[in-house]
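First comes the structure, then the notes that go with it.
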Amino acid sequence: MGSARAAPTRTQELLALAERYAPHNYHPLPVVIASAEGAWVTDVEGNRYLDMLAAYSALNFGHRHPRLVDAARRQLDLVTLTSRAFHNDTPPPFCRDLAERASKDMVLTMNTGAEAVETAIKTARRWGYDVKGVSPDRAKIVVADGNFHGRTVTIVGFSDDPSARNGFGPFTPGFESVPYGDIDALRAAIDSDTVAFLVEPVQGEAGVIVPPEGYLRAARELCTERGALLMADEIQSGLGRTGTTFACEHEGVVPDVYILGKALGGGIIPLSAVVADRDVLGVFRPGEHGSTFGGNPLACAIGIEVMDILREGTYQRRSAELGSWLLAELRTAALPTVAEVRGRGLWVGIDLVPTAGPARAACERLMARGILAKDTHEQTIRLAPPLVVERSDLEWALEQVVGVLSAPVDHPR
């Protein structure tokens, strides 16, 4: 008689369900998380991992931050949603707190980051027609090569990532892309029909690309000179990730429009926002834009607590100090499989040399050592731990990363 076949593990059962019932629009690592706290997660088999991705910065304040969970629980006992046909009592103080934090007049709340970008695009176009005086249907928005602003049809239409855009056209017109970090190319692109320059202060999905020093300042000056809005997509880079509340602060730049999301909802519920002065966001009239769940009481109650946490500055300082240490350690490790290490704050991109094999394989080896990280663009590993991470945990994580990247790995050619 043959030996009995081993029963599938809970992980295998759940992965099989995902394979059967979910479309393959993601390629996740084969780990199934069941619980989490702080910077650590535990899978369905009881294995613990250090989260070095933080849900693409949505978990800047860690998993289940006690203050944020308490804020959500309090609000759950009161009211979670009202129609926008009525007011409720959490959006006004949230909008006030965020507007003051950004030194702006107004906040338009939405849910996801992509919705906030779409809202910013509509805002810029309407502002261009009503305030700048651009002729109807001629408004142009300049974007940067390598951008990632979301996955709606309009947004992927101005992406240069084939996996994001191929097979989804026709696309929305009115966008022109220029090389990221090239101020001369931006200067040549901005004309009388240009209503905005939409840019990430640090490009996240592209591999944590930090622009040349002075680029954002020059873009600010150019947009002011040419009468175009500078719109900073700080959905990943904002709210402490780079060591400051907003990444634009590294160059002393204040954009006309902040686009925020991810960590704004505390890793609990989607919350995004477009933040600008009254002469920009004041262009909307009733019925011209909205969202059923945008600015819902539950999200805004959490957002108020997020603003209180940011006001203290603790996590901005932690990101700056720990990030500086981590970058220095990675750069001095002289790893033979690493071509370049980039980053700002607790946000790191590690480019691998071609002979090191794909970054996905390196992330799988890291997972086997208890580290959850994410690859992008075939050869780059991204590290973005929650800002609550302990120095001792990062030291352990560094040992694992160095161990994985210390020597080339045989791989199929």
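The values are calculated or read from the model by the stated rules, or taken from the named source; none is laboratory data. Every value quoted in this text rests on a predicted model; they were computed, and no experiment measured them. Cβ: placed from backbone, ideal geometry, glycine included. Neighbour counts: every protein chain shown. Note: areas computed on protein heavy atoms with side chains; ligands, DNA, RNA excluded. Shrake-Rupley method; radii C 1.70, N 1.55, O 1.52, S 1.80 Å.
Note down the nm distance, to one decimal, between modelled labels 7 Å out along Cα→Cβ at ARG48 and at ARG64.
About 1.3 nm, to one decimal.
Please report the projected area of the chain's Cα convex hull averaged over all directions, in nm².
That works out to 23.4 nm².
Answer rounded, prolate or oblate for the range 15-85, using the Cα gyration tensor with square roots of eigenvalues a ≥ b ≥ c: rounded when a/c is under 1.5, else prolate when a/b is larger than b/c, else oblate.
Verdict is oblate for the range 15-85.
I need the fraction of alpha carbon pairs in the range 128-272 separated by more than 21 Å, rounded to a whole percent.
Value for the range 128-272 (Cα pairs over 21 Å): 44 percent.
Mind listing the phi-derived Karplus ³J(HN,Hα) values for the range 367-377, rounded to whole Hz, using 6.51, -1.76 and 1.60 with θ = phi - 60°, and x for any glycine or proline?
4, 5, 9, x, 10, 9, 9, 9, 8, 8, 6
Determine ³J(HN,Hα), in whole Hz, for all residues of the range 208-225 in sequence, where each value follows from phi through the Karplus function 6.51 cos²θ - 1.76 cosθ + 1.60 and θ = phi - 60°; x replaces Gly and Pro.
6, 8, 8, x, x, 4, x, 5, 5, 4, 5, 5, 4, 5, 5, 5, 5, 5
Name the long-range amide H neighbours of LYS374: under 5 Å, sequence gap of 5 or more, or other chain; modelled H, no Pro or chain starts.
Under 5 Å from the amide H of LYS374: ARG382.
Farthest toward the dipole's positive end in the chain, which of CYS95, ALA58, GLY46, given Cβ charges of +1 (Lys, Arg) and -1 (Asp, Glu) about the Cα centre?
Towards the positive end, the residue furthest out is GLY46.
When the scattering of the range 123-175 is computed by the Debye formula from its Cα atoms alone, each counted once and equally, what is log10 I(q)/I(0) at q = 0.13, 0.17, 0.27 Å⁻¹?
One equal scatterer on each Cα of the range 123-175 leads to -0.36, -0.57, -1.01.
Can you give me the Rg/Rh ratio for the range 265-353, using Cα atoms for both radii and the Kirkwood formula for Rh?
Computed over Cα atoms, the ratio is 1.17.
Subtract the Cα-Cα distance of GLU19 and HIS377 from 0.36 nm times their separation in residues, and report this length gain in nm to one decimal.
Additional length available on full extension: 126.5 nm.
In a Gaussian network model over the chain where Cα atoms closer than 10 Å are linked, find which of GLU249, GLU321, GLU13 has the largest mean-square fluctuation.
Taking springs between Cα atoms under 10 Å, the residue moving most is GLU13.
Could you calculate the FRET efficiency of ARG84 with VAL31 from 1/(1 + (r/R0)^6), where r is the beta carbon distance between them and R0 is 51 Å, rounded to 0.05?
E between ARG84 and VAL31, to the nearest 0.05, is 0.85.
Pop out the ³J(HN,Hα) list for the range 38-55 in order, Karplus 6.51 cos²θ - 1.76 cosθ + 1.60 with θ = phi - 60°, rounded to Hz; leave Gly and Pro as x.
x, 9, 10, 10, 10, 8, 5, 9, x, 7, 9, 9, 7, 7, 10, 10, 6, 6
Counting only C-alpha contacts under 8 Å and six or more residues apart, can you give the relative contact order of the chain as a whole percent?
Value for the chain: 22 percent.
Would you mind checking which residues have amide H under 5 Å from ALA34's amide H? H placed 1.01 Å from N; only 5 or more apart, or other chain.
THR42, ASP43, VAL44
Can you give me the orientation-averaged projected area of the convex hull built on the Cα atoms of the range 1-144, in nm²?
15.9
Per residue and in cubic angstrom, what volume does the convex hull of the Cα atoms of the range 77-174 have?
Enclosed volume per residue, from the Cα hull, is 173 Å³.
Output the peptides 387-394, 251-258 sorted from most to least packed, where packing is the average of other Cβ atoms within 10 Å over each peptide's residues.
My ranking of the peptides, most packed first, is 251-258, 387-394.
Under 25 Å between alpha carbons, and skipping anything fewer than 8 positions from LYS140 in its own chain: which lysines qualify?
Hits, sequence-local ones excluded: LYS104, LYS122, LYS132.
Tell me which residues come under 5 Å, amide H to amide H, from LEU387 once H is placed; ignore anything under 5 positions away on its chain.
Here the answer is PHE61, GLY62, since their amide H atoms fall under 5 Å of that of LEU387.
In nm, what is the difference between 0.36 nm times the number of residues separating ARG285 and ARG217 and their Cα-Cα distance?
21.2 nm
Let me cross-check MET106: its accessible surface, 1.4 Å probe, with only protein heavy atoms counted, in Å² to the nearest 10?
For MET106, the solvent-accessible surface is approximately 50 Å².
So what is the 222 nm mean residue ellipticity for the chain from helices alone, if each DSSP H run of at least 4 adds -39500 (n - 2.57) and you divide by all residues, rounding to the nearest 500 deg cm²/dmol?
The helix contribution divided over the chain gives -10500 deg cm²/dmol.
What does the highest-first list of 45-54, 217-226, 337-346 look like by mean Cβ count within 10 Å?
337-346, 45-54, 217-226
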